[in-house]
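Novice: Sharing a structure, written as structure tokens. Questions coming.
The values are calculated or read from the model by the stated rules, or taken from the named source; none is laboratory data. Only a predicted model underlies this, so the values are computations on that prediction, with no experimental measurement involved. Virtual Cβ from ideal backbone geometry, glycine too; neighbours counted across all protein chains shown.
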Amino acid sequence: MADHQSNTEFEGGWIADEGWAVLAIAGIATILLTLISLPIGTFALGLMAWLRYTLRAPSRLSPDDPGLVLAPADGVIIEVTENIDEAASEREMIGASRVTIRTGLADAQLQRSPVAGRIIDNFLIPGLFRGGEELGLMRRDNERREISLETADGARFLLAQIGTATARQLVCRFGPGKFLAAGAPLGMARIGGLTDIVIPFGYKLEIKVGRTVVAGETILARR
């Protein structure tokens, strides 16, 4: 990281806001199963410990530089596509690049804003929850939530949470008009979803397929 860049630290509670409801249900189920059978209850307790780990809000130190694009999710980059003109639905997206991140079941699920900007759109597109298929089919058929962010200089980014066989709840905690700092907590694809980020023309990608990324810290691109 360049010396001139400052950093902003984002640290939530031990559990992300989107995770409390899931943990509450898991806790009740664990108690009931323990009353029925101790071995089953012990197994359920282990699953609850796993949920607590994946639904945490880890401390992240985000670079404070308006020219950077940060990873919105933890996981592994499984696809990088440049010049996606045919997939662009808005004039601002012509010549853009798309980076796809697969979040594992053991990764922190909390997603973060890739840039400092204001939410322009946030809407859910109902669909299926297929897994393990060709990415193009999953983008077309699976449930997805699209979140558009616009920076102070007018650059527009599209963040898409894509449902999978395990990720059946696509959550963004903010609506249109909300301003977010780069690296600020944004939402969650519970659990183990795919995340597309469409980066507008003019930014140079700095990552490749197979790279492990950390939400709010790893630099995907810079201007």
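Novice: Could you tell me whether residue 170 is closer than 23 Å to residue 68 by Cβ and hydrophobic (A, V, I, L, M, F, W, C)?
Specialist: Considered against the rule, which asks whether it is closer than 23 Å to residue 68 by Cβ and hydrophobic (A, V, I, L, M, F, W, C), residue 170 comes out as no.
Novice: Count, please, the residues in region 114-140 that happen to be part of a loop (DSSP other than H, G, I, E, B), closer than 19 Å to residue 101 by Cα and among the small types (Gly, Ala, Ser).
Specialist: 2
Novice: What tally of residues in region 173-201 results from selecting those that are touching a helix residue (DSSP H, G or I) at 6+ places or on another chain (Cβ under 9 Å) and among the hydrophobic types (A, V, I, L, M, F, W, C)?
Specialist: Taking region 173-201 first, the residues touching a helix residue (DSSP H, G or I) at 6+ places or on another chain (Cβ under 9 Å) are 173, 185, 187-188, 190-192, 194, 196, 198, 200-201.
Within this subset, residues satisfying the condition of being among the hydrophobic types (A, V, I, L, M, F, W, C) are 188, 191, 194, 198, 201.
Counting residues in region 173-201 that are touching a helix residue (DSSP H, G or I) at 6+ places or on another chain (Cβ under 9 Å) and among the hydrophobic types (A, V, I, L, M, F, W, C) gives 5.
Novice: Which of the strands (runs of 3 or more DSSP E) found entirely inside region 141-223 contain at least 3 residues meeting this: more than 19 Å from residue 81 (Cβ to Cβ)? Reasoning before the result, please.
Specialist: Values: elements: 144-150, 156-162, 169-172, 185-190, 194-199, 219-222.
The strands (runs of 3 or more DSSP E) meeting that bar are 144-150, 169-172, 185-190.
Novice: Keeping to region 192-222, report how many residues are of a type outside the set (A, V, I, L, M), in contact with a Gly (Cβ under 9 Å, 6 or more places away or on another chain) and surrounded by 15 or more Cβ atoms within 10 Å (Cβ to Cβ).
Specialist: The qualifying residues number 8.
Novice: Looking only at residues in region 136-167 that are of a type in the set (A, V, I, L, M) and under 18 Å from residue 71 (Cβ atoms), which one is farthest from the chain's Cα centre (by Cα)?
Specialist: Looking at the filtered set, the residue picked out is 155.
Novice: Right, here's the next one. Could you list, in sequence order, the residues of region 125-177 that are of a type in the set (Val, Ile, Thr) and in contact (Cβ under 8 Å) with a residue 60 or more places away in the chain?
Specialist: Scanning region 125-177 gives 151, 166, 171.
Novice: Evaluate region 129-146: report whether one residue or more is modelled with pLDDT of 95 or more and within 28 Å of residue 63 (Cα to Cα).
Specialist: Yes, region 129-146 has at least one match.
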